[in-house]
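Structure first, commentary second.
Where a number appears in this text, it was derived from the coordinates with a stated rule and is not lab data. This is a predicted model, so every value here is computed, not measured. Cβ sites come from the backbone with ideal geometry, for glycine too, and all protein chains shown count toward neighbours.
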Amino acid sequence: MQHPETELILHPTQGVYHLHLMPEELADTVITVGDPDRVPLVSQFFDRIEVRKQHREFVTHTGYIEGKRLSVVSTGIGPDNIDIVMNELDALANIDFATKTNKAKRKSLNIIRIGTSGALQPHIPVDSFVVGKHAIGLDNMMAFYDQIKPYQNPMAQALCSAQLLPTAVIPYGVSPDKQLLEIWDVSRCILANTLTSVGFYGPQGRVLGSWSAQKQLMDGLAAFSFEGEKIDHIEMETSAIYGLSKVFGHRAVSLNAILANRSDKTFSKNPDKTVIDLIEWALDCLSKA
């Protein structure tokens, strides 16, 4: 069946609607970053760059490092942007743009998020690296996709039963690809449970004015435990990346530089260096995989 032009929106010369990429411009291994300015921070370590594209907040560089072809794509912030990026990455990999039909043989991409996060637990220090071994989503993204059953996840169900969250929020749980999870040097990182929030201020218990908010939310989430597992850190994209990767048949893992610790209220003294250190470490691990 041919995808109608209202569903698969293509520019004749720029490719897929938001990313402005053609299929041949995307590598099979994709690094996602939230900040568009972080794309050149990654690609500066490439041996050569063959593609540079930008449209809105979506910047893509594709190139090579030690013979391995990689793309780095900025997503912007939040699960809604992840919906755009993940769908268009899948379209680039698995739709024939000439006929606007699905390819007979599907391709699985490797998707590695390199982002920043805040720790909820005191044992995760500022400037450390965490790799998300499980993600709990507070967004509603996966309610719109029915190929997997993330709302039946036991940890997410236990969090819902704990009544720590606003009643309108129904958490879901999803895990990364096991093979991608194993390529990271565990002597340099902490395997952690990730919480994905829908916002940065109120949804993460931050109050800068006099309005009401869930002021005790972070304390409750930090104290929550399920079968000995804690919620270790909080960010804004991982659960949607993991969930949509499961739906589309891609492999995903999320890496985070810890810039803040909410338990002791400390923030990194040199966040830019921590992010660069994470990028270099991630690329080194990828080049050896």
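In nm, to one decimal, how far is the Q179 label point from the Q157 one, both placed 7 Å along Cα→Cβ?
Between Q179 and Q157, the simple spin-label model gives 3.0 nm.
Above 24 Å lies some portion of the pair distances; for the chain, what is it as a whole percent of all C-alpha pairs?
Here the tail beyond 24 Å accounts for 50 percent of pairs.
Run lengths n ≥ 4 of DSSP H only: what is the helix-derived mean residue ellipticity at 222 nm for the chain, with -39500 (n - 2.57) per run over all residues, to the nearest 500?
The per-residue figure over the chain is -7000 deg cm²/dmol.
Explain nothing, just the number: relative contact order of the stretch 10-288, from Cα pairs under 8 Å at least 6 residues apart, as a whole percent.
Normalised by residue count, the contact order of the stretch 10-288 is 23 percent.
Which of K107/K288; K68/K288; K133/K230; K68/K133; K68/K178; K178/K230 have a Cα-Cα distance over 18 Å?
Over 18 Å Cα-Cα: K107/K288; K68/K133; K68/K178; K178/K230.
Return the loop-located trypsin sites (Lys or Arg not before Pro) in the stretch 253-289 (DSSP other than H, G, I, E, B) with at most 15 other Cβ atoms within 10 Å of their own Cβ; answer none if there are none.
K265, K269
Figure the gain on full extension for T99 and H11 (residue separation times 0.36 nm, minus the Cα-Cα span) and round it to one decimal in nm.
Here the segment from T99 to H11 would lengthen by 30.3 nm.
Put a dot 7 Å past each Cα toward the Cβ at E57 and R106; how far apart are the dots in nm?
Between R106 and E57, the label points sit 2.8 nm apart.
For a quick check, take a GNM of the chain with Cα springs below 10 Å and name the residue from S74, S175, S161 with the largest mean-square fluctuation.
In this elastic network of the chain, the residue with the biggest mean-square fluctuation among S74, S175, S161 is S161.
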